[in-house]
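Read through the structure below, which is laid out as structure tokens, and then see the notes.
Read the figures in this text as sums done on the coordinates, not as results from a lab. Source: prediction; values computed, not measured. Neighbour counts run over all protein chains shown; Cβ positions are idealised from the backbone, glycine included.
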Amino acid sequence: MKFTKDHEWVKLDGDVATVGITKHAADQLGDVVFVETPEVGKTVGKGDSFAVVESVKAASDVYAPVAGEVVEANEALSGAPETVNADAEGEGWFAKIKVSDASQLDGLMDRAAYDALLATL
Amino acid sequence: MTDLKTTPLNAAHRALGARMVGFGGYDMPVQYEGVLAEHRWTREHAGLFDVSHMGQARITGADAVSWFERFVPGDYQILKAGKQKYSLLLNDDGGIMDDLMAGKPDHAGLYVVVNAGNKEEDFAYLQSRLEGDVTLTRLEDRALLAIQGPEAAGVMAAHEPVLAEMGFMECARLMLFGADCFISRSGYTGEDGYEISVPADQAERIWNTLLEDARVKPIGLGARDSLRLEAGLPLYGHDIDPTTSPVEGALTFALSKSRRERADFPGADRILKELADRPARVRIGLHVKEGAPAREGAEIADADGTVVGKVTSGGPSPTLGRNIAMGYVPPHLSELGTELKVIVRGKPAAATVVAMPFVAQRYYRKPKA
């Protein structure tokens, strides 16, 4: 699993990257009440706003940590957005993105580097 | 980046692990354990809020009440001692400069509470217009607590039994917790409860004393906002502002009958004309029936898709389990049951005009003698 400074995570399986927001991000948001996942088939650029996560107070954009085509969205979140709080880095995934170039992940942080970033916040 | 001011309870919030944010120029707790849990606790038990950022003042002098009436549309002459009344500070165009509470907790003039974000302007405006023997004294050596929820009365009665006998919108100056306090049975959640003005140097002790009761938990500004939204209560600077008249803001209950007859409040020409005819727009409640919560700034469209207004606040209602919003539309689209659309991130979602409050208010009304 790799991490961005915007608190998204990516897990690559073959050429499909599962993406979501980190536990830290979910904790900061507080109670998640709505998730707008991207449409399947949509092409997203790295750093594009591709999903929205909403707490009681506010809506926050989620940025695509990798470029590619959305091949699956986590539809379960529409009925159970609280899954993002309960299991942000597992069942609370947002979408699966087919990446053309796996080297995109090279610049992302590993767990140790991400934990070190969190320690500075 | 301006330095945030702190309330006398700042250290207490930090000790409780609150997440702090800037609000109205103050470093305030937005949540402790979480907005949803705090919202529900207040609806079921008793929530304790630090609202010391709000502006407290006394207006005294033989002519204090008649002088104050020049700036607001409420009849404070007939208000009895021991009562308070919601009112609006109006500009000369009949726009709302602030909403406020003013009451007569004793026989020494008015006790007034205004919004944190407006207090400097409000008090400067009033100070510059003082006349005769009227004085306005800011109570900056006081904190303000609110305790709200169905168990609030039981909690407070354990400290002072007479508080159970107060009716909604009654107020008093009393010794509570060994301190000189102003107290009113009122609040901003739609629940029964009290607001208690306490000496700043006693605030932390009184806050902690109240939290010792297992029925009481601290509640942050996040839940305060979702609670007041469900109660249909406007938030100044969002749902009402200096361009909004009391008629547009659906606050005509604040226009006392005697004052309408005398037409002697700021902006009376505009306001009375809007009452007789119709205002350009009016604040309504919406049930958003699909999609994401509609937040402040979302456009409201009619059935044909023509934009007719804007959402001024909105979000999920934890009590109702659905999305609610307040906003402004032309009066012909304000009838209950009117089908409208709210546009969230470019997507129209069906919304219906519904009555406010969204969640029934549970104020304590004394049985008639």
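Details
- For B:Lys273, the aspartates and glutamates whose Cα comes closer than 16 Å to its Cα, not counting residues fewer than 8 places off in the same chain, are B:Asp92, B:Asp93, B:Glu248, B:Glu261, B:Asp264.
- Given charges at Cβ of Lys, Arg, Asp, Glu: chain B dipole, positive-most of B:Ser317, B:Leu139, B:Ala280: B:Ser317
- Number of partner chain Cβ atoms within 10 Å, mean per residue of A:59-67: 1
- Peptide B:222-232 has a mean shielding of 1, counted as Cβ atoms of other protein chains within 10 Å of each residue's Cβ.
- Charged side chains reduced to their Cβ positions (Lys and Arg at +1, Asp and Glu at -1) give the stretch B:214-369 a dipole of some 860 debye around its Cα centre.
- Here the dipole of the protein assembly as shown is about 1240 debye; that uses its Cα centre as origin and unit charges on the Cβ of Lys and Arg (positive) and Asp and Glu (negative).
- In nm, spacing of pseudo-spin labels at B:Arg278 and B:Ala81 (7 Å Cα→C-beta vector): 4.8 nm
- Greater than 29 Å apart at Cα, pairs in A:Lys57/B:Lys289; B:Lys104/B:Lys257; A:Lys2/B:Lys5: A:Lys2/B:Lys5
- Net dipole in debye of the stretch B:281-359 [+1 Lys, Arg Cβ; -1 Asp, Glu Cβ; about Cα centre; nearest 20]: 240 debye
- Residues listed by number, the stretch B:171-202, amide nitrogen under 16 Å from B:Arg138 label point at 7 Å toward C-beta: B:200
- The value of relative contact order for chain B, using C-alpha pairs under 8 Å at least six residues apart, is 18 percent.
- Placing R0 at 35 angstrom, the Cβ-Cβ distance between B:Glu261 and B:Thr306 gives a FRET efficiency of 0.35 after rounding to 0.05.
- Over the stretch A:2-120, Cα pairs under 8 Å with separation of 6+ residues give a relative contact order of 32 percent.
- With R₀ fixed at 60 Å, the C-beta to C-beta distance from B:Lys366 to A:Leu117 puts the FRET efficiency at about 0.55.
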